[in-house]
Amino acid sequence: MGAPDLRRRFNLGLAFWLVMLAAAALFLASPLDPMNIAPGVVAAQKDLKAAIILLAPYLLVSGLGAGMGLAELASTFGEYPREAIATRWGQYLIWLNAIAAVGAFFVVKQYTPPDTNILLLTLSVGVGFPALIRTKFTLAKQFDGEGKEDLSINLGWLYDKFQYLCKVQIDLELMTYRRTQVDRLLARYSTVQELYQTAIYTAKARATLSKEEEEAKLAELEKIIDPKVPPEVARMELGLLILELGGVAYVDLLVRARDLAPASRAGGAEAPGEAAAKKPPSTDTLVKKLVELPLEELVTVSQDVLKSDEDDEWIKQAASPAQGITAVRQKAPIAYYLVEHAGAEAVAEVLAKRE
């Protein structure tokens, strides 16, 4: 049995509640008295209106509590907020916050004067109670400032434990979901080179990444494509990085584009023997051979094969001295760039002439 489609579960759940709210609002807003409607329906509408008026403070405070749970999920799982909300433990966290806020409001309401402003009380409990159960009060503090012997009351200890449990369980469920998405991507992009080029574009296309974050991602990419890293490990890490940067919808786009590619290239089929004879060496094999060359020789080969000024400028920048980067990691991006822009056959031919 495959992993559940968390996005579909989220969309269906959201659609269900929106339809229910719209139906209830339409039923309550409809003027049934002038219509020839059964008396029981009219009575039900009046009873429902009275119940909503009575329960409105509880609905509002539960909504504020649930909102706190949603905010925690969105901040903790920023890359997959919808999927985190759709998990079972994500929904447990939301319901716990909502029910706890309702319980606190019920208790507080019993001890407040009858003439208390109900709206002010609702907002106070709805906002104050979630903050209270997440708070640690320090009554007396050590002079040395280490904090080990501070006298404190941690009201949020139990909630912290439950929140940690939810976080771990949500992450485990999302791990299965992420693996499914990465497997879909790796099934269409079989080489490290394809995934590397896609990951570079994804990192540079993200408008919300700061310059430092983009440079950190590109540095992470250089470590992944180190020829010493096994190809299967590199492919998996590149797939995860693309998913993290682009999201599930972006992976869907890449998968659909690759699925449609064979149809757009439809033409005369080659015999199996002819295809095997024309098949160039794999990208990983070519990259390993290129990385074995000295940096100066690799630059020369790249400039001979790639004639454009733009390619020449990119190669010079990539080959410029940089502190903290090994020769292998500096040569690997140049090798992948050369194979990507010149083609495997052209690179294989050049290497064959130099041997």
Out of everything in segment 64-122 that is surrounded by 20 or more Cβ atoms within 10 Å (Cβ to Cβ), within 20 Å of the chain's Cα centre (by Cα) and among the hydroxyl-bearing types (Ser, Thr, Tyr), what residue ends up being farthest from ALA249 (Cα to Cα)? THR87
What residue, of VAL229, VAL168, VAL192, is buried (at least 18 other Cβ atoms within 10 Å of the Cβ) and either at pLDDT below 85 or not polar (S, T, N, Q) (or both)? VAL192
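Working only within segment 42-60, note down all residues that are among the β-branched types (Val, Ile, Thr) and either at pLDDT 85 or above or loosely packed, with under 13 Cβ neighbours inside 10 Å (or both).
Taking segment 42-60 and keeping what is among the β-branched types (Val, Ile, Thr), we get 42, 52-53.
Listed by number, the residues that qualify are ILE52, ILE53.
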Any chance GLU79 is under 25 Å from LEU245 (Cβ atoms) and assigned to a loop (DSSP other than H, G, I, E, B): yes
Just wondering, is there one or more residues in segment 173-186 that are at pLDDT 85 or above, among the β-branched types (Val, Ile, Thr) and touching a Ser or Thr at 6+ places or on another chain (Cβ under 7 Å)? no
Subset of segment 235-244 (residues that are crowded, with 20+ Cβ neighbours inside 10 Å and among the aliphatic types (A, V, I, L, M)): LEU238, LEU241, ILE242, LEU243
Somewhere in segment 250-264, is a residue at pLDDT 50 or above, within 21 Å of PHE77 (Cβ to Cβ), surrounded by fewer than 11 Cβ atoms within 10 Å (Cβ to Cβ) and assigned by TED's automatic domain parsing to the domain that holds ALA207? no
Among the numbered conditions (1) charged (D, E, K, R); (2) touching a residue at least 40 places away in the same chain (Cβ under 8 Å); (3) closer than 21 Å to TYR80 by Cα; (4) in contact with a helix residue (DSSP H, G or I) (Cβ under 8 Å, 6 or more places away or on another chain), tell me where GLU237 comes up short. (2)
Collect the residues in segment 195-213 that are surrounded by 14 or more Cβ atoms within 10 Å (Cβ to Cβ) and part of a helix (DSSP H, G or I), keeping them in residue-number order. LEU195, TYR196, GLN197, THR198, ALA199, ILE200, THR202, ALA203
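The values are calculated or read from the model by the stated rules, or taken from the named source; none is laboratory data. The model shown is predicted, which means the values in this text are computed figures rather than measured ones. Virtual Cβ from ideal backbone geometry, glycine too; neighbours counted across all protein chains shown.
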